[in-house]
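Below: the structure, in structure tokens.
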2 protein chains.
Amino acid sequence: MTSTNVFSSKSEVAYAEIRDRILSGALAPGSRLAQYELAESLHMSITPLREAIRRLSSEGLIDLDTHRDARVARMDAAEARQLFEVRLSLDPSAVELAAARRTEADITAMRAAVERLLPVTRQWGEEALTAHRDFHRTLYRASHNDVMVRLLDDLWDKSDRYRRIGLVLPPGDGPRTRDLDEHRQMMELVISGDGERAAELMRNHIRLSLTASAIEVLEAR
Amino acid sequence: MTSTNVFSSKSEVAYAEIRDRILSGALAPGSRLAQYELAESLHMSITPLREAIRRLSSEGLIDLDTHRDARVARMDAAEARQLFEVRLSLDPSAVELAAARRTEADITAMRAAVERLLPVTRQWGEEALTAHRDFHRTLYRASHNDVMVRLLDDLWDKSDRYRRIGLVLPPGDGPRTRDLDEHRQMMELVISGDGERAAELMRNHIRLSLTASAIEVLEAR
DNA sequence: GACGCTCCTCGTAACTTATAAGATGTTCGG
DNA sequence: CCGAACATCTTATAAGTTACGAGGAGCGTC
């Protein structure tokens, strides 16, 4: 499924690169994407670039204004809340499926991912964000539902944009100390096959997630 | 949010048209999409066409084979099942939110949509499918969560591809008679604000949905 | 506030390059 | 001499470049 060879055509490169810049914040929300400039900076002509931009626009990361310009999608509290609500529904379902279907390979991967979480509990930063994302992704994969995995990966990336806001602007305290425990516990529940409790834990995990602080920050302005 | 003006640029037209042909089955799964031919049939050059194709490929409706060709994504029982699982999680959440947030306008829209369901209960057909889709969409909208609405609209369209399989190939009995009742009941629960029971009903509604028969059909070959 | 100037996206078209598949041919063991 | 394995040529088509034209949007000017 979704074979779609991965030969990085230029269009693919443009897509990945721009997406990354947007999600990482390198391209600020609302900033303009000039075709010719961007094409030059990515060492390609505008044809593949435009394909990438259109794709990103259909994913909601870019706002296209016909005959005008393309801009990085703005962020607002409403969208943060909506992403949050969707994940509150999907994430628990994913772990529930994972608990029913995890394989030995999944278990190994999860244990490895949770270990990588350990060294970065003190403070948020790019490594901590990556490790955190990887752990959740490993959980998602264990659901063995590609459609769900794709959705969740995407939702995660989009929520992460908001997480950064909530983290970077305020003092930026590290991940909650109970976070690591929670992750470990969630993993154990998945491994033991207790989908119901794993889902419940995930629900709480998301409720307490830092998205909330991003909403506050956005609402404050 | 997702303003993205709707001025139908050619690229947009191509996207909508091809998507429609795929979902409606006019373009069979696995069939080839030749750039130049298609461009001609859509009265445009390949530039906007390629933008559309890339978009559809990133949505999973088209499989792209670099330097070779583009084909309509194939269908299989695994994907049907996955779509089904995702909707089993999201649809109930949507009605739960809807029950909490429906406005007068939503209520009017839902009542109108359920009426349009009435004349087409006897047999499945394009009108019945459209009316059915519209009713569910109206429910989704009442959740007032744009992110969720977008996801569900998309999931609906994709599942509908499978529904058609389950309907068209076998004798093609009409919508179950209890379907109309269920829809009406679900709507009333949303209107009365009983999110919990509405969600529960939706879960059952989806479980019994005809997607199941599509899975059987696909597995049989 | 109407006109025109300018900028930039949208779309077209012709051309070059890259890649995969199949046909064709070539070599070498039996 | 036959046939199988392997290399090469041909062909079809996508991917990308470039140049150019059309037209909407904003802005300044009168």
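The values are calculated or read from the model by the stated rules, or taken from the named source; none is laboratory data. The model shown is predicted, which means the values in this text are computed figures rather than measured ones. Using ideal geometry, Cβ is built from the backbone for each residue, glycine included, and neighbour counts are taken over all protein chains shown. Surface accessibility is based on the protein's heavy atoms, side chains included, excluding ligands, DNA and RNA. Shrake-Rupley method; radii C 1.70, N 1.55, O 1.52, S 1.80 Å.
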*Work out from phi, with θ = phi - 60° and the Karplus expression 6.51 cos²θ - 1.76 cosθ + 1.60, the ³J(HN,Hα) of each residue of the stretch A:105-111, listed in order in whole Hz, and give x for Gly and Pro.*
4, 4, 4, 4, 4, 5, 4
*Neighbour net charge for A:ALA94 - beta-carbon separation under 10 angstrom, K R +1, D E -1*: -1
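Would you compute, from DSSP H runs of 4+ residues alone, the mean residue ellipticity of the protein assembly as shown at 222 nm, taking -39500 (n - 2.57) per run and dividing by the full residue count, rounded to the nearest 500? If you can, show how the numbers build up before the last one.
Values: 20 runs with 305 residues, N = 442.
Helix contribution divided over all residues of the protein assembly as shown: -22500 deg cm²/dmol.
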*Relative to the longest principal axis of chain B, what angle (0 to 90°, nearest 10) does the C-alpha long axis of helix B:77-101 take?*
50 degrees
_Pseudo-label separations to other copies for A:ALA16 - Cα-to-Cβ vector, 7 Å, nm_ = 3.4
*Taking the label point as lying 7 angstrom from Cα along the Cα-to-Cβ axis, what are the distances from A:SER45 to the corresponding position in the remaining copies, in ascending order and in nanometres?*
1.0
*Other protein chain Cβ atoms within 10 Å, averaged over every residue that makes up A:54-67*: 5
*So what's Rg/Rh here for chain B, counting alpha carbon atoms and using the Kirkwood radius for Rh?*
0.99
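Is the stretch B:10-72 best put as rounded, prolate or oblate by its Cα gyration tensor, with a ≥ b ≥ c the root eigenvalues, rounded for a/c under 1.5, and otherwise prolate when a/b is larger than b/c, oblate when not?
Working: a/c = 1.35, a/b = 1.14, b/c = 1.19.
Here the stretch B:10-72 falls in the rounded category.
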*Evaluate the distance, in nm, between pseudo-label points positioned 7 Å from the Cα of A:ARG111 and of B:ARG74 along their respective Cα→Cβ axes.*
3.6 nm
_Within 10 Å of each Cβ in B:73-81, the average number of Cβ atoms from other chains_ = 2
*Largest-first ordering by accessible area, 1.4 Å probe, given options A:PHE135, B:PHE84*: B:PHE84, A:PHE135
*Express the carbon and sulfur contribution to the solvent-accessible surface of chain A as a percent, rounded to the nearest whole number, probe 1.4 angstrom.*
51 percent
*Taking the Cα atoms only, what angle lies between the long axis of helix B:46-58 and the longest principal axis of chain B, rounded to 10 degrees?*
50 degrees
*What are the distances, in nm and sorted shortest first, from the label point of A:ASN204 to the label points of the same position in each other copy, with each label point placed 7 Å from Cα along the Cα-to-Cβ direction?*
3.1
*asked:* Between 0 and 90 degrees, rounded to the nearest ten: what's the tilt of helix A:211-220 against the longest Cα principal axis of chain A?
replied: 50 degrees
*State, in square angstrom and to the nearest 100, the accessible area buried between chains B and A, both chains counted, probe radius 1.4 Å.*
3200 Å²
*When the Debye formula is applied to the Cα atoms of the protein assembly as shown, each taken as the same point scatterer, what base-10 log of I(q)/I(0) results at q = 0.07, 0.08, 0.11, 0.12 Å⁻¹?*
-0.37, -0.49, -0.97, -1.17
_Charge sum, other residues only, whose C-beta stays under 9 Å from A:ALA113's C-beta, Lys/Arg counted +1 and Asp/Glu -1_ = +1
*Using a Förster distance of 30 angstrom, determine the FRET efficiency expected from the C-beta separation of B:ARG203 and B:ASP146, and round it to 0.05.*
0.85
